[in-house]
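S.K.: The structure's right below; bear with me while I get my questions together.
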DNA sequence: GTCTATAATCCGATAGAC
DNA sequence: GTCTATCGGATTATAGAC
């Protein structure tokens, strides 16, 4: 295929895989579905990625790197621009997930991919996550601790877990909230972020 | 097979399926793995359950019936014994899940199966759960609304979603909280419940 | 890099003997 | 209720032409 195409075969496979993985899970998605949606030949995925497992890893890494970088950048801006305030820190954690979730090309589905990764008690993926993205959580923990110096470290980590759980599930549309007809997806996600920041800020301060 | 066996073929299939679903997800688990672990013939699962989809539903029913009944009973007791108080209602929601999670007879695996259910976005299962257990959530919503009459219905449902997400996440030990060595599993779970009730109570009141 | 064709395996489900 | 045997189909992955 011409390498100057707007979306290369490789990128189209990644995009299609991301959408389908989010919709049907890793194991629930076949490479044939992926290549069919990407409109590439079935053999292309093995040529470009070697195996299905490696494709899964690449899909995951691509979005996770982006989101982590965004979270850290917004955290830095929050701490610099609103010193001592909790809500901007929580927003820096929540909003990049939101932004990714409403991104047009497959990002819409990514949060659910993350949720699945956490559910993989499989450990190799969990270890990968902890090794590569654990420092992001630690940065947030440090920033929140500065806002709320009376909270014990143990309590802080419990509450970060609660936030992560609520965020993951809400963003993935897992819950019973039905988006009212007429409300756009973007407005729905922004509402979710606003509500979650308020809910968890109160929780952290309790 | 002898019907007086301590664990019938049917129960062994349910138990094996539960463990494997928790570990590998629904689509990631084959009926052959299930029947192999249960040490029954591959044909038995279709004889007893009809289909894989129905087996998934029955794995849920076995635990959810009991947990839902317990939640409703504790909710009734909470409303009667502590009228107008929010925390007992939240405890009635959280603690039966906790009890299930620390039940040594497979309950712990089931908690992770719940997380899988959300993560895999299995529509037929979601419908099954909504049809059979949706009324439990509605009862809790009504009880909380009476405690906090100023909160809009929309806001209430958002916050219930946050609670459910945080609960599922925490109960399945997905988070970064490591149980300190020396702390028993029971104490760890009770701590989780206490922290979550406090966190979410503040969130609901915000 | 992209294709066709196919190997090798695994899947869920069922028929039919016992 | 439990078994063997098998059907029809889908899966990942690869070999080899272009």
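The values are calculated or read from the model by the stated rules, or taken from the named source; none is laboratory data. Please read all numbers here as calculations on a predicted model, not as lab measurements. Glycine also receives a Cβ, built like all others from the backbone with ideal geometry; neighbour counts cover every protein chain displayed.
S.K.: Just to be sure before I move on: is residue B:104 within 16 Å of DNA strand D (Cβ to nearest atom) and either closer than 23 Å to residue B:194 by Cβ or more than 14 Å from chain A (Cβ to nearest Cβ) (or both) in the structure I sent?
M.R.: Details: within 16 Å of DNA strand D (Cβ to nearest atom): no; either closer than 23 Å to residue B:194 by Cβ or more than 14 Å from chain A (Cβ to nearest Cβ) (or both): yes.
Against the criterion (within 16 Å of DNA strand D (Cβ to nearest atom) and either closer than 23 Å to residue B:194 by Cβ or more than 14 Å from chain A (Cβ to nearest Cβ) (or both)), residue B:104 does not qualify.
S.K.: Still on this structure, I have one more. For residue B:134, are the conditions met, namely being outside any helix (DSSP H, G or I) and at pLDDT 90 or above?
M.R.: Working: outside any helix (DSSP H, G or I): no; at pLDDT 90 or above: yes.
No, not satisfied.
S.K.: Among the helices (runs of 4 or more DSSP H) confined wholly to the range B:1-98, which include 3 or more residues that are within 14 Å of another protein chain (Cβ to nearest Cβ), more than 15 Å from DNA strand D (Cβ to nearest atom) and in contact (Cβ under 8 Å) with a residue 24 or more places away in the chain? So that I can check it myself, show each step before the final result.
M.R.: Values: elements: B:9-24, B:31-38, B:42-49, B:52-81.
By residue number, B:9-24.
S.K.: Please go through the range A:148-206 and give me each residue that is more than 7 Å from chain B (Cβ to nearest Cβ), crowded, with 18+ Cβ neighbours inside 10 Å and at pLDDT below 90, ordered by number.
M.R.: Of everything in the range A:148-206, those that are more than 7 Å from chain B (Cβ to nearest Cβ), crowded, with 18+ Cβ neighbours inside 10 Å and at pLDDT below 90 turn out to be A:171, A:172, A:173, A:189.
S.K.: Quickly run through the range A:21-47 and pick out the residues that are closer than 21 Å to residue B:30 by Cα and within 13 Å of DNA strand C (Cβ to nearest atom).
M.R.: A:27, A:28, A:30, A:31, A:32
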